[in-house]
Amino acid sequence: MGLPLDEILKYYPDEDTVNLIISTSCDKVDDYVKDPKFFHKYSKVLNKLLPCIRDVSALLENLDKELYLGDKLSSWRVIISAFKKGLVDKDFIDSRKNTLSQVLTQAEGWKIILEIIDLVRDKIEENKKKLYELLPSHEELWEVVYKGGIAIPSLVLEDPHVKSGSIKSKYFWKFLLTRRKDGTVKQIVINGLKRGNLTAWYYSPEFVRSDVISENEIYSNSAVLLNKIRSKSTWMVITRISPFLEKDLISQYISIFFERLFDGKIFVKLLKSGILTSEYREYYLELLMFDHRAWVYVDKAVKYNLVSKEELEIFREYFEYFVKVFPDLKRHEKKIRQVLGWA
C-alpha cells in the first residue's frame, strides 16, 4: 500500500478500507494508535482495527484522553469492542462509566451499551428518562428495552405514535407480551391490526393465547390483512394465524401465491397449517412444469397429501430436465428420488 495509513483512512474511511488494512498493513496500526491526533481523528473506525492492536497500553492511554475530551460515543464503541476481545476488563468499564450520561442522550448510545448492559445497570437507571424520550421516535431502541429487561412506564405506551400500533420492531411486540396486563396493550394491538401492521399481525396469535385480544379481533380485522395479500410477508403471517381464519376466506387467494409469490419456506408452512390441501393440487402440479423450486419441496407435498406419487409420475420428465440445469435442485436429487421411488 503506497499511501500512509492515515492518508488511506482520510480518503477511504469505509469498511472495505479497514478490511484491507487488517489484511495487508496490520503491523503498522500500533504506531498510529500511539499518536493522539490520529486516535482522535479516526476513533470512529478504531473499534474495527482492534485485531491489529498489540500495544494495549497505548490504546488505553489515548482512549482515556478521547473519552474525556473527544468523541465519547466512538470511544465507547472501542471500549465495548475491546472488552469483547479481552483487551479491557470489567474494572476498566466500571471506572469510566460516568461518561455514559452524555452518550445516552442519543439513540446510538443506547444501542451500543446493549452488549454490556449488565455492567452498567446503575447508569441505565440514572438515565432512563432519556430512553423514555427517545423511544417514540427511535423504534430500534425497543430491542434494548426487551433484551435488557428495562422497565418502561405506562406513560410511554400512551404516546400517540406508540399507541397507534404503527411500530414495526418485533422487539416492541415482544415487549408488549410481557406487559399483557396493562390495559393500554390491548388497544395498541387492535390499532396495529387495523393499520395492517404485519408485525402486529405476526404476533397476534400470542396475544390471543395471552388473553390480550380475542380470536374475533383477528377474524374481524382480516380484511385489512388480505388487502396486502400480494406480499410474501403477508403469506408468512397467514401461516401463523391460519387457525383463526376461515379456510374459504383464504382459498380465493391461493392462486396468487402459486402464480406470483411462490416461496419454499412459506409453502411448507402452508402445508403444515392445513391451508394447502389436495383440492389445490392443480396449482402445484402446474408449477412443477415451470419452476424448478417447486420440485425442491416435493417430498413435503407428498408427505402432507397435496399430491400423490402416482400423479407426479406424469411430470417426471420436467424433473429430469430441471435437475440437470439447476444446481440447487441437484443437491436434493437423491432424497427426491428416494421419496418418489425414482432411484
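The values are calculated or read from the model by the stated rules, or taken from the named source; none is laboratory data. Note that the structure is predicted; figures quoted are calculated from it, not measured. Quick reminder, even Gly has a Cβ in these numbers, built from the backbone with ideal geometry, and neighbours come from all protein chains shown. Side chains are part of the model used for accessible areas, which takes the heavy atoms of the whole protein and leaves out ligands, DNA and RNA. Shrake-Rupley method; radii C 1.70, N 1.55, O 1.52, S 1.80 Å.
Some values worked out for this structure:
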{"read-out": "Criterion: touching a Leu at 6+ places or on another chain (Cβ under 8 Å), of a type outside the set (Val, Ile, Thr) and crowded, with 16+ Cβ neighbours inside 10 Å - qualifying residue of Gly192, Gly196", "value": "Gly196"}
{"read-out": "When residues of the stretch 149-187 are limited to those that are in a helix (DSSP H, G or I) and out of contact with any Phe, Trp or Tyr (no Cβ under 9 Å at 6 or more places or on another chain), the one modelled with the lowest pLDDT", "value": "Gly183"}
{"read-out": "Residue in the stretch 100-118 that is closer than 12 Å to Leu63 by Cβ and not aromatic (Phe, Trp, Tyr) present", "value": "no"}
{"read-out": "Options Gly264, Gly341: the member that is more than 30 Å from Glu217 (Cβ to Cβ), loosely packed, with under 12 Cβ neighbours inside 10 Å and in contact with a helix residue (DSSP H, G or I) (Cβ under 8 Å, 6 or more places away or on another chain)", "value": "Gly341"}
{"read-out": "Qualifying residue in the stretch 274-282 (condition: within 24 Å of Leu225 (Cβ to Cβ) and among the aliphatic types (A, V, I, L, M))", "value": "yes"}
{"read-out": "Check on Tyr203, assigned to a helix (DSSP H, G or I) and within 16 Å of Phe244 (Cβ to Cβ)", "value": "yes"}
{"read-out": "Residue within the stretch 116-135 that is without any contact (Cβ under 8 Å) to a residue 40 or more places away in the chain, open to solvent by 10 Å² or more (accessible area, probe 1.4 Å), touching a Lys or Arg at 6+ places or on another chain (Cβ under 7 Å) and farther than 22 Å from Leu225 by Cα present", "value": "yes"}
{"read-out": "Residue count, the stretch 78-98 (criterion: at pLDDT 90 or above and open to solvent by less than 10 Å² (accessible area, probe 1.4 Å))", "value": "3"}
{"read-out": "Meets criteria (of a type in the set (S, T, N, Q), assigned to a helix (DSSP H, G or I) and under 24 Å from the mean Cα position of the chain (by Cα)) for Ser57", "value": "no"}
{"read-out": "Enumerated helices (runs of 4 or more DSSP H) restricted to the stretch 233-296, each holding at least 2 residues that are within 21 Å of Ser308 (Cβ to Cβ) and without any contact (Cβ under 8 Å) to a residue 40 or more places away in the chain", "value": "254-260, 264-273, 281-287, 293-296"}
